[in-house]
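Please read the structure below before turning to the comments.
Quick note: the coordinates plus some simple rules give every number you see, no bench work behind them. All values derive from a computational prediction rather than experimental measurement. Don't worry about glycine lacking a Cβ; one is built from the backbone with ideal geometry, like all the others, and counts go over all protein chains shown.
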Amino acid sequence: RESAGPRRQSGGPSRPVGQRVAMDGNAAIPGGGIAPEYIFKLWNLVIRPPRAFYSTSQLGPAEFTVNGVRASRRDVSLRTARGTCLVCSHFVPNNDRRGQELWKFPAIVYLHGNSSSRLEAGSLVSTLIPQGISLFCFDAAGCGLSEGDYVSLGWHERDDLAVVIAHLRNLPFCGPIGLWGRSMGAVTALLYVERDPTVGAICLDSPFASLRQLAEELAQSDRMAFPVPSWLVTAALAVIRIRVRALADFDIEDLVPLEHARRSNVPAIFLHARQDTFVVPAHSRQLYDAYAGDKELVTLDGDHNSERSDQVINHAMGFFKRAFRLGEIDAADGPPHPRDSAAQPPARGGLVPVHVQAVAPAHLAGPVAGHVGGASPAPPAAWAPAAAQSGPAALPKHHSQRGNHFAPAVGRRPGAPGYSGGGDLACSPPRDCRRTRAACGGG
């Protein structure tokens, strides 16, 4: 179910959600014989979805404990090359100072969907912190509490991400960096790693292969008040293309993640819900097939806005840990990444190829051990304060289940939509196998 996004929280900004959209709708639209409201609704899906408003109190306390590991939240504002201010939060395990040396924590940068905010990343804290991994999240330009009027579905966001990565690499305690993006955030990550192959690994949840392809599918779907034939969609997109270039300064014809996938080599895991009718699973399949680097594809039960189960999140985390070469060391005893106070960590923390399982068929039927389906692992301790544990307050229920045009909050509670059910896996065969198949004419 696609909903309009979270309602304004008490203590948040006074402007109600959607007001900016209504103001833009008063502009004259040269749509010719096409209904103006149709074009307006379609381009709002692209550059001005409902904005998520929230109170900073929802981020939780500045100091907290997860599974016995003390951690802190550090808020920072970063200025992008476009002059836009991004509000950010960095959840970091407490550093263990040994003499003059500091542990270097691997970092996951979470990139939210186009109608969401940094709150979307909150449920990953209880997974990452006990493993000695920090979590950096921020409101993209035009989203949440950051500055900006429009989003660009990854086009400008990749440049903003470069500012975030530069900030992290300047921190003395930051080790290898991974990216976890959902929908718009997944496209942002994919576009970025083509430019920066030193990123350790990426998780791409529900990315689209081509913006034009997605717009055509949406225009003819039941999400629009009155679906139109393909020839009329072409005319509508021509008008939208002009309008988007004027308002958001990018060309929808240029946003083709599929082309970037062919030139990207950072290890990638693709996630997609089988019942997703907004960005259909075929998009991830196209990207997976074209992706040049080591890769894995996981399909799961649920739709575009379903919460991701514990097993899905843990499986993706296993992918990151192998890419970062992290051992099974308890974060309470010390982060698993080697200490190095004299220089920046290696580009990928000593990256090795990631292969979960070489599979000849594209999919596996039934549950995969330690993957999706089957018995659920015991969930980590809740965030809610307890006698021996304190932490950020749980996110409001409506936030974790609220829809947005491209990505909802990542959830991990048993019983949540999309939690149960079998999963399918496809992954890249070892390089030697690929060479042999290529020599024999195989794909």
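When you count the other C-beta atoms within 10 angstrom of each residue and take the mean per peptide, 48-57, 76-85 line up highest first as 48-57, 76-85. Under 14 Å from a label point set 7 Å out along the Cα-to-Cβ vector of Asn170, the amide N atoms of the stretch 68-85 belong to 76-81. Given R0 = 41 Å, the distance between the Cβ atoms of Thr198 and Ala235 translates into a calculated FRET efficiency of 0.40. With neighbour counts taken as other beta-carbon atoms within 10 Å, the residues Trp43, Trp180 rank, fewest first, as Trp43, Trp180. Full extension of the segment from Ser221 to Gln275, taken as 0.36 nm per residue of separation minus the current Cα-Cα distance, would add 18.0 nm.
Would you please put 173-179, 87-93 in order of how densely packed they are, using the mean number of other Cβ atoms within 10 angstrom per residue and starting with the highest? Could you put the intermediate results ahead of the total?
Values: 173-179: 25.6, 87-93: 22.4.
Ranking, from highest mean packing down: 173-179, 87-93.
Which of the three applies to the stretch 249-318, rounded, prolate or oblate, going by the alpha-carbon gyration tensor with a ≥ b ≥ c and a/c under 1.5 meaning rounded? It would help to have the intermediate numbers written out before the result.
Working: a/c = 2.21, a/b = 1.32, b/c = 1.68.
Here the stretch 249-318 falls in the oblate category.
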